[in-house]
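Nothing in this text is a laboratory measurement; each read-out follows from the coordinates by a stated rule. Quick caveat, the model's predicted, so the values are computed rather than measured. Cβ atoms come from the backbone with ideal geometry, glycine included; neighbour counts cover every protein chain shown.
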Amino acid sequence: MTSDSFFHPVSGFDLPRFAGVPTFMRLPHVPPSHPRFADVQIGLVGVPWDSGTTNRPGPRHGPRQLRDASTMIRAQHAVNGMRPFEMVNCADLGDVGPNPADIQDSMTRITGFYDGLVAAGIRPLTAGGDHLTSLPILRALAKRGPLGMIHFDSHTDLFHSYFGGTMYTHGTPFRRAVEEGLLDPGRVIQIGIRGTMYDTEDREFAKSAGIRIVTIEELFDRGIPDVMAEARKIVGQAPTYVSYDIDFVDPTFAPGTGTPEVGGPNSFQALQVCRELYGVDIAGADMVEVSPPFDASGGTAFLGVSIMFEILCAMLSPSRT
């Protein structure tokens, strides 16, 4: 597969990385109204929304900072030599405009935007936003049938509700997704789970539904290659969603997030798990919970977009091309 040169990113040899209007990875901005929209194959999308946040707010500002940090992403993967922007047409599709005062209206808007991507045959790579963002995306991507999911996080996000009955927060999206038939729980694995707990309700739901939870202790005991081999086996060859919460990473390396948990992977391991996604049929993916107000150095955002580049390359792994 080869891409149209229109979709190649601007090189740092041609324009300094601190100059120009930032887009994801310096790709062309191709919103749905653009005449080349139908030619896009993988679309990078911002969802600046954090109305599901229950702790420290700020992920609504994530896409803007992630775009700025992504000007440092270059054209070639350092390890495998892959040049994704020459393989398929990639573009920055812009942001989904949320309604910050209305969770349900925002989710309707998000699903509607992604319905358009599905209709156009565009696979999305999303920058959130808090983790509730995943639910309305899945509502669009799973209309042809439930998806598997590989989920990197320190939290399960499988709680029933918060505050006595609030059903839609960043701690509940995958409980709703299973209930709505968007995810096949037998093809879902959650990796990196850790931290103090309210109770065991989320884990009991996971066990009853057939969701595989890999705690951080198990990940470190077994090693990333072994755990990720199990992940690939669980999701199989059918379409799979990849959801990556930046708080999967230890806050020493990614402090800019709303609900950090100590004892996580380092920044190299954060990339390594993505390199083990090769061969998975990735229908879409997201990077969520980057919170610029807590990211004074900008290092969290740069790690976030570096992970997005790794996922992009995995989306183009040999089983797909």
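For the chain, a Gaussian network of Cα nodes joined below 10 Å ranks E310, E276, E180 by mean-square fluctuation, and the top entry is E180. The slack between A38 and R222, meaning 0.36 nm per residue of separation minus the straight C-alpha distance, is 61.9 nm. Taking amide hydrogens as placed 1.01 Å from N in the peptide plane, the amide H of D95 sits under 5 Å from those of G46, each at least 5 positions away in sequence or on another chain. For region 165-237, the alpha-carbon coordinates run over 39, 33, 20 Å along the three principal axes, in decreasing order. The Cα-based radius of gyration of region 1-104, divided by its Kirkwood radius, gives an Rg/Rh of 1.02.
Take the alpha carbon gyration tensor of region 99-246, find the square roots of its eigenvalues, order them as a ≥ b ≥ c, and report rounded if a/c is under 1.5; if not, report prolate when a/b exceeds b/c, else oblate. Note, shape of region 99-246 comes out oblate. In the chain, Rg over Rh equals 0.93, where Rg is the alpha-carbon radius of gyration and Rh the Kirkwood radius from pairwise Cα distances. One chain, two ends: S5 and F268. Fully extended at 0.36 nm per residue, the span grows by 91.5 nm beyond their Cα-Cα distance.
Over the C-alpha trace of region 148-201, radius of gyration and Dmax come out as 11.2, 30 angstrom. Its alpha carbons considered, region 89-147 gives a radius of gyration followed by a Dmax of 11.3, 35 Å. Under the criterion of Cα pairs below 8 Å and six or more residues apart, the relative contact order for region 253-308 equals 57 percent. Using the Kirkwood radius built from alpha carbon pairs, what does the Stokes-Einstein equation give as D for region 39-149 at 4 °C and 1.567 mPa s, in µm² per second? Estimated via Stokes-Einstein, D reaches 86 µm²/s. When the charge dipole of the chain is built from unit charges on Cβ atoms (+1 for Lys and Arg, -1 for Asp and Glu) and taken about the Cα centre, the candidate among T200, V305, L219 whose Cα reaches farthest toward its positive end is V305. Charges were assigned to the Cβ only: +1 to each Lys and Arg, -1 to each Asp and Glu. The resulting dipole of region 30-170 about its Cα centre is roughly 240 debye. Once the cut-off is 18 Å, how many percent of the Cα-Cα pairs in region 28-85 end up in the long-distance tail? Tail of the P(r) past 18 Å holds 56 percent of the pairs. Is the C-alpha gyration tensor of region 188-317 telling us rounded, prolate or oblate? Criteria: a/c under 1.5 is rounded; beyond that, a/b larger than b/c is prolate, otherwise oblate. Here region 188-317 falls in the oblate category. Highest GNM mean-square fluctuation among F152, F248, F205, for the chain modelled with Cα contacts below 10 Å: F205.
Of all complete DSSP H helices in the chain, those with a Cα span along the helix axis of 15 Å or greater and a mean Kyte-Doolittle hydropathy of 1.6 or more are 299-315. Here the label points at Q76 and E230, each 7 Å from Cα along the C-beta direction, are separated by 3.7 nm in the simple model. Comparing V288, V47, V79 in a Gaussian network model of the chain (Cα springs below 10 Å), the most mobile by mean-square fluctuation is V79. Summing +1 for each Lys or Arg and -1 for each Asp or Glu among the other residues whose beta-carbon sits under 14 angstrom from that of L117 gives 0. When you filter the chymotrypsin sites (Phe, Trp or Tyr not before Pro) in region 57-146 for DSSP loop state and at most 15 other Cβ atoms inside 10 Å of their Cβ, nothing is left. The slack between Y198 and Q104, meaning 0.36 nm per residue of separation minus the straight C-alpha distance, is 31.2 nm. Across every pair of non-identical alpha carbons in region 264-321, the mean reciprocal distance, once inverted, gives a Kirkwood radius of 12.3 Å.
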